[in-house]
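The values are calculated or read from the model by the stated rules, or taken from the named source; none is laboratory data. Model, not experiment: these values are computed from the prediction. Glycine also receives a Cβ, built like all others from the backbone with ideal geometry; neighbour counts cover every protein chain displayed. Just the protein is used for accessible areas: all its heavy atoms, side chains included, with ligands, DNA and RNA removed. Shrake-Rupley method; radii C 1.70, N 1.55, O 1.52, S 1.80 Å.
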Amino acid sequence: MRQRGAVLDARRTDVVLLLVAIVWGSSYLAAKTATVALPVLVVLFARYAISALACGLLVATRRPTREETRVGALLGVTQAAILVLETYGVAHTSAANAGLIISLTIVLTPLLDRGGGRGPLPPVFYLAAGVCVLAVGLLMAGDGLREPRSGDLLMLAAAVVRAGHVALVGRLTAHRPVRPLQLTAVQTAVGTVLFLPPALADAGTLVGGTAATWAQLAYLALFCSVFAFLAQTWAVQRTSASRASLLLGTEPIWAVAVGLCLGGERLTVLAGLGAALLVAGTYWGQAVERAHRTTEKDTRDDDPCPTTTTTTTTTTTTDTSTTPTAA
């Protein structure tokens, strides 16, 4: 009975992680649809404001500390920059392309986050990154060689900025008593303040939004942001990082599925090949980086004369294998 209960608990955890991946994958089509009805900055303000309200209710009796406020304020600015690029990007490309290109964060983050005393990445990691670059080129080519769409370039920029954001999260939260929910509450509050002034000019469009538009905004805020983050944190604590990353890494696959089935999008032969290569390349690069990180940690643990200047920045909340990448 105990073994059966453990199996059921593991399956329940897997279902939660898979649900998070599905929600994140669907966020690109939801964001794209919302930007058709409302200006991008209005969408961002509404998403942040609804998320901030929900987070505020959750942390009402456990308010952020001074340290969490300081770190969250800085990360709130970088997170806002990411969402600007992502939301403008998905407004000018397909939801499938957006979900695939942003997954480059998985291989870009280890290139930017070289802290923690880790040695150079193995050459095979760069080969996996090269496969991802080729894949993005095929996605942007579409029907053939042509000038890339502005949305694809914005999503590429978003992937670079998000990778830097993830590395920054690791540096700012390592060895500090920072609680994820409180940190998220501060970030959403900062985003709300940042997007309020530019959104005021088009506030009338938000007030006059249809029920469908408000439903999309609520879905982006409550499900793709608050629920997904809390569910991810709950599930990752109950399974291995490898299994969590495997399930969360299906996000781009769901982005393509939702875009094709619900958004009426289509993939050309070249784009389909690019999609397959990008998913394979990111999984490959993720596995290589994780194995390298584990090997380096084991080496440091076995070192009989460790140096006092080496610090480790890897934390359970900033593991690049389980970092959220949703729009």
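Per-structure values
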| item | result |
| --- | --- |
| Answer residue from the stretch 49-97, given it is free of Cβ contacts under 8 Å to residues at least 60 places away in the same chain and basic (Lys, Arg) and is nearest to Ala221 (Cα to Cα) among those | Arg70 |
| Helices (runs of 4 or more DSSP H) wholly inside the stretch 228-308 that include at least 2 residues being modelled with pLDDT of 75 or more and out of contact with any helix residue (DSSP H, G or I) (no Cβ under 8 Å at 6 or more places or on another chain) | 269-302 |
| Which listed residue, of Leu217, Leu172, is farther than 15 Å from Gly56 by Cα, modelled with pLDDT of 95 or more and either touching a Lys or Arg at 6+ places or on another chain (Cβ under 6 Å) or part of a helix (DSSP H, G or I) (or both) | Leu217 |
| Matching residues in the stretch 77-117 - criterion: being part of a helix (DSSP H, G or I), open to solvent by 10 Å² or more (accessible area, probe 1.4 Å), touching a Gly at 6+ places or on another chain (Cβ under 8 Å) and modelled with pLDDT of 90 or more | Thr78, Gln79, Leu83, Tyr88, Ala91 |
| Selection from the stretch 230-260 of residues that are within 22 Å of Thr282 (Cβ to Cβ) and either in contact with a strand residue (DSSP E or B) (Cβ under 8 Å, 6 or more places away or on another chain) or open to solvent by 50 Å² or more (accessible area, probe 1.4 Å) (or both) | Ser240, Ser242, Arg243, Leu246, Ile253, Trp254, Leu260 |
| Exclusive hit being open to solvent by less than 60 Å² (accessible area, probe 1.4 Å), at pLDDT below 90 and in a helix (DSSP H, G or I), set Gly204, Gly209 | Gly204 |
